[in-house]
Amino acid sequence: RQRPRTSTFSDLLVVTMALAKLLGRQSALTVSRSFSSSAAAHQEMTKVTMIPGDGIGPEISAAVKQIFAAAKAPIEWEDVDVMPTFDKYGRSTIPQYATDSINETKLALKGPLGTPIGKGHPSLNLTLRKTFELFANVRPCRSIEGFKTAYDNVNTLLIRENTEGEYCGVEHEVVPGVVQSIKLITRDASMRVANYAFEIAKAQGRKRVTAVHKANIMKMSDGLFVECCREVAQRYPDIEFEEQLLDKTCLMITEDPTQFDVLVMPNLYGDILSDLSAGLIGGLGLTPSGNIGAGGIAMFEAVHGTAPDIQGQDKANPTALALSSVMMLRHINLNDYADKIENALLSTIAEGKVLTGDLGGSSRCSEFTAAVCAKLSA
């Protein structure tokens with residue numbers, strides 16, 4: 001895809017010099033100042049790749065854009081479609097223009113993507129993670145004041161290794177009726193995600209990191225993961241470190257989630273435990289998510305499904321994608337805009353007057369979005 005050429009400040013300077021000859025020095029200076037202000041304003045905008053996704057994805061993506069417009073957030077959106085194409089070897093790949101966009105912006109906000117079950121193209125979520133080496137999935141789970149669930153004061157942060165484990169995608173049929181799936185654990189990936197978990201714990205002033213594993217059974221693979229976490233923990237004496245079996249963690253977090261702070265784990269365990277944790281605070285419709293890449297790329301996403309049963313009916317809840325966009329704003333240090341949008345979202349939910357069906361209300365997506373925008377415009 002050909003993108004239109006963007007004028008640079010040097011282009012504007014050439015125009016200014018030409019105008020100087022026609023209008024005289026004073027007029028040219030005025031024009032130059034005007035162009036300089038325009039260029040500065042353009043530089044303040046941050047371009048973000050938007051992947052609307054499938055099912056309800058385009059609806060909730062449009063809602064987030066409306067909310068950002070109401071907040072006057074300095075974000076310029078570039079929409080791309082990641083519907084897979086096939087290379088000359090028949091392999092499923094992301095369209096080149098989408099890859100180019102994400103490599104250029106280094107930021108992406110993604111709606112839900114559909115994945116065929118048992119057939120069809122590979123998971124696009126996995127493909128995106130591998131393509132951009134998104135090694136850490138970050139899933140905060142925090143109770144929303146005013147939205148009552150069975151648990152109060154939940155405030156956990158789950159860090160999931162995102163590139164290997166059972167999700168490395170290596171499967172084959174040994175003989176008819178016998179299928180083997182490879183679980184891949186490497187020292188490099190384990191050290192990388194462990195380092196990230198301790199660094200984010202330190203940055204957020206958190207006190208404890210728990211490594212979740214099944215090294216009692218998978219002694220070599222999970223054993224390597226735990227060994228790497230232990231090694232990293234030694235460099236952070238001010239942060240308490242503990243190891244916990246996955247099954248026991250699931251039991252303990254449903255008994256009392258306040259027992260946990262930061263949890264770090266291999267891929268499959270993170271997939272399970274992060275969704276379980278989302279249930280403690282009201283479901284996936286209220287849960288943000290971010291993916292951090294080794295090459296400086298970050299992708300934020302709604303982790304709920306595509307909900308084809310309500311597609312196009314104006315019933316979707318945009319909160320998860322909107323809160324993920326708040327994570328994105330904080331990632332690029334636009335904290336004032338992040339706080340502003342988050343407060344508008346959470347106060348709208350806490351008031352309980354305009355809620356979508358999944359939150360116990362009967363309002364439409366457009367009505368919920370309008371209520372949030374009204375708070376931002378007030």
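When only Cα pairs below 8 angstrom with a gap of at least 6 residues are kept, the chain shows a relative contact order of 20 percent.
Using a Gaussian network model of the chain whose springs link C-alpha atoms within less than 10 Å, name the residue from Asp275, Asp222, Asp309 with the highest mean-square fluctuation. So, out of Asp275, Asp222, Asp309, the one fluctuating most is Asp309. Taking chymotrypsin sites (Phe, Trp or Tyr not before Pro) across segment 187-256, none is in a DSSP loop with at most 13 further Cβ atoms lying within 10 angstrom of its Cβ.
Among the trypsin sites (Lys or Arg not before Pro) within segment 54-111, those in coil by DSSP and having at most 12 neighbouring Cβ atoms inside 10 Å are Lys72, Lys88, Arg91.
Taking label positions 7 Å along the Cα-Cβ direction at both Glu44 and Arg330, the computed distance is 2.4 nm, reported to one decimal. Of the accessible area of the chain, with the probe set at 1.4 angstrom, what percent is carbon plus sulfur? The computed percentage sits at 54. Shape descriptor for the chain: Rg over Rh equals 1.03 (Cα atoms; Rh from the Kirkwood inverse mean 1/r). Among the listed pairs Lys47/Lys130; Lys65/Lys148; Lys207/Lys315, give every one whose C-alpha distance is greater than 32 Å. Lys207/Lys315, as the Cα separations exceed 32 Å there.
Hey, can you find the accessible area per residue of the chain for me, probe 1.4 Å, expressed in square angstrom?
On the way: 18330 Å² over 378 residues.
For the chain, the per-residue accessible area is 48 Å².
By DSSP, what percent of the beta bridges with both residues in segment 117-276 are antiparallel, rounded to the nearest 5?
On the way: 12 of 25 bridges.
Taking every DSSP beta bridge with both residues in segment 117-276, the antiparallel ones total about 50 percent.
GNM, the chain, Cα, under 10 Å: largest mean-square fluctuation among Ala197, Ala70, Ala302? Most flexible of the set in this elastic network: Ala70. Qualifying GluC sites (Glu not before Pro) in segment 129-184, where qualification requires a DSSP coil assignment and no more than 13 other C-beta atoms within 10 Å, comprise Glu145. Approximating the spin labels as points 7 Å out from Cα along Cα→Cβ, the Asp100-to-Thr258 distance works out to 5.4 nm. If a paramagnetic tag sat 7 Å from the Cα of Asp238 along the Cα-Cβ line, which residues of segment 200-219 would have the backbone N under 15 Å from that point? Under 15 Å, as judged by backbone N against the label point of Asp238, lie 200-209 of segment 200-219.
Please compute, over every Cα-Cα pair in segment 46-142, the percentage with a separation greater than 15 angstrom. Result for the distance tail: 66 percent. Ranking Val354, Met50, Tyr89 by how far each Cα lies toward the positive end of the dipole of the chain (charges on Cβ) leaves Met50 at the top. Counted over segment 171-257 with a bin width of 10 Å, the fraction of Cα pairs per bin, in whole percents, is 16, 38, 31, 11, 5, 0. A simple charge model with +1 on the Cβ of Lys and Arg, -1 on the Cβ of Asp and Glu and nothing else charged puts the dipole of the chain at about 1180 debye relative to its Cα centre. Applying 1/(1 + (r/R0)^6) with R0 = 35 Å to the Cβ-Cβ distance of Lys207 and Ser377 gives a FRET efficiency near 0.35.
State the antiparallel share, in %, of DSSP beta bridges confined to the chain, rounding to the nearest 5.
Values: 21 of 46 bridges.
Antiparallel: roughly 45 percent of the beta bridges in the chain.
Structure remark: mean-square fluctuation, Gaussian network model of the chain, C-alpha springs under 10 Å; the largest value among Cys229, Cys168, Cys365 belongs to Cys168.
The values are calculated or read from the model by the stated rules, or taken from the named source; none is laboratory data. The structure displayed is predicted, hence computed values, not measured ones. Glycine also receives a Cβ, built like all others from the backbone with ideal geometry; neighbour counts cover every protein chain displayed. We work out accessible area using only protein heavy atoms, side chains counted, and drop any ligands, DNA or RNA first. Shrake-Rupley method; radii C 1.70, N 1.55, O 1.52, S 1.80 Å.
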